[in-house]
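Asker: Would you mind keeping the following structure in view while I ask a few things?
The values are calculated or read from the model by the stated rules, or taken from the named source; none is laboratory data. None of these values were measured; they are calculated from a predicted model. For neighbour counting, all protein chains shown are included, and Cβ atoms are generated from backbone atoms with ideal geometry for every residue, glycine included.
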Amino acid sequence: MRVVTQLATIVVIGGGIALGYMFRTGLLGQLVSAPPAQQAAGGNPSAGGPAGAPAGGPGGNRGGQGVPMVEVVTLTTGPVIEMSESVGTTRAFESVTISAKVSGIVEKISFTEGQDVQTGDVLVELDIAERKADLEAARAAIQNARAQRDEVNQKFERAQQLRRAGAGTEALVADLTLQLRTVETTVAAAEARERAAAARLEDYIVRAPFAGRIGLRQVSLGAFMDSKVAMTTLDDISRIRLDFAIPEPLLSRIRLGAQINAQSVAFPDRVFSGKVAAVDTRIDPVTRSVKLTAVIENSDLALKPGMFLTVALEVARRENAVIAPEEAIVAEGPRQVAYVVKDNKIERRVVMIGQRSFGKVGIMEGLKAGETIVARGIQRVRNGLTVQTRPISGPPAAGTAPNAPASTAG
């Protein structure tokens, strides 16, 4: 009985090994799926099977000899722009709060809210009656001093003539010379007092320091205005400054004049373009970022100070970079891999990629223009495999990523 049991065990184990071998070689599937006549022929496809049937059975994208079909693309060159995204806040190109230099009663208001003004336009006039009187007095003093100078000058010239004729004395000429110098000093002092009076008068007239647009009025006619009280605001928004920050590692790649594109939720269909005008001299020790200022032309005055904008900054530009479809590059851990097709054979290639944009990716290293790479069907290829190729058909499906390759060998 024990011998019979051992023989039965040996038979079961042997049958399992045979079934495993048939499963690995595919013979079991052929016997199951073959018609009875073919099974009787020992599973040989040539015995009773359809003429010309492929040895590998039906396969979706395989050729007549079981060679996988893949879609390929030939690499081209083009401009690749590397962008860094950030957020920023707008401010006027020039901005000032309008107030008077001196205190006084508002006599005249010469602007309206939202008005465009030019440099030097009068905005507000305070009561200037007293200052006008001071200016007139200074001018009268000048006229008096000049009259005295003319009188002394005439006496001086007459004394010189008499001295040359022998009828005058040297002492008289010296005395008149001293008087002439004194009166010249008096004239100069009077002219200085006139300029001071004119300057004080000008302090009572508030003018626009630059061309721009007036803000809301905060002053009323007849009100007493202190010099510290704001009357209105003036902003030059024909150009807009945009302040934003970038990470410290990008600092060495930033240049003045670099292109930026900005968007606002207030204008979702518009892109505002500008250029970097200034880079801060200091790095923020907390955020490890550096502040940049860009200038955007704003001829239609669409942008206002204080708006929130998303910013895309041009960090680098490569005019003749190799460009590949994003779906043709697959990630294997920290590496990026492409599958090059040479003479219908697959060559696995580790590459270094750059900027991604609109389904394309710039290739920094590993591929050259003119090479052919697998774009679709990557899951069916491995290094050294023979494939059939055809050009890629249509754009890639949105939001899809390439499948991982069947093998990473090589």
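Asker: Just to be sure, is T97 of a type in the set (S, T, N, Q), surrounded by fewer than 13 Cβ atoms within 10 Å (Cβ to Cβ) and either under 30 Å from I237 (Cα atoms) or in the same structural domain as R200 (by TED's automatic domain parsing) (or both)?
Answerer: Taking the combined requirement at face value, the residue satisfies it.
Asker: Looking at the structure I just gave you, is V276 β-branched (V, I, T), in contact with a Leu (Cβ under 7 Å, 6 or more places away or on another chain) and either farther than 30 Å from R207 by Cα or at pLDDT below 95 (or both)?
Answerer: The answer is yes for V276.
Asker: Checking the structure you have, find out if any residue of the range 147-154 is over 30 Å from I237 (Cα atoms) and aliphatic (A, V, I, L, M).
Answerer: Within the range 147-154 (the criterion being over 30 Å from I237 (Cα atoms) and aliphatic (A, V, I, L, M)), the answer is yes, since at least one residue qualifies.
Asker: Out of R164, R91, report the one residue that is assigned to a strand (DSSP E or B) and of a type in the set (K, R).
Answerer: R91
Asker: Out of D116, D121, D127, report the one residue that is within 60 Å of the chain's Cα centre (by Cα), farther than 29 Å from R195 by Cβ and assigned by TED's automatic domain parsing to the domain that holds R200.
Answerer: It is D116.
Asker: Can you tell me which residue among S220, S238 is polar (S, T, N, Q), farther than 26 Å from K275 by Cα and in contact (Cβ under 8 Å) with a residue 12 or more places away in the chain?
Answerer: After ruling out the rest, the residue left standing is S220.
Asker: For T287, are the conditions met, namely being free of Cβ contacts under 8 Å to residues at least 12 places away in the same chain and under 20 Å from the mean Cα position of the chain (by Cα)?
Answerer: Considered against the rule, which asks whether it is free of Cβ contacts under 8 Å to residues at least 12 places away in the same chain and under 20 Å from the mean Cα position of the chain (by Cα), T287 comes out as no.
Asker: Criterion first (among the small types (G, A, S), closer than 24 Å to R207 by Cα and without any contact (Cβ under 8 Å) to a residue 12 or more places away in the chain) does A147 satisfy it?
Answerer: no
Asker: Considering only the range 337-368, state which residues are in a loop (DSSP other than H, G, I, E, B), under 23 Å from R380 (Cα atoms) and without any contact (Cβ under 8 Å) to a residue 40 or more places away in the chain.
Answerer: D343, G359, G366
Asker: Next question, about the same structure. For the range 246-336, which fully contained strands (runs of 3 or more DSSP E) count at least 2 residues that are assigned by TED's automatic domain parsing to the domain that holds I373 and under 21 Å from M364 (Cα atoms)?
Answerer: Those strands (runs of 3 or more DSSP E) span 308-325, 330-332.
Asker: Just give me the residues in the range 250-276 being surrounded by 15 or more Cβ atoms within 10 Å (Cβ to Cβ), farther than 17 Å from A316 by Cβ and under 11 Å from the mean Cα position of the chain (by Cα), in sequence order.
Answerer: Correct list: A262, Q263, F272, G274.
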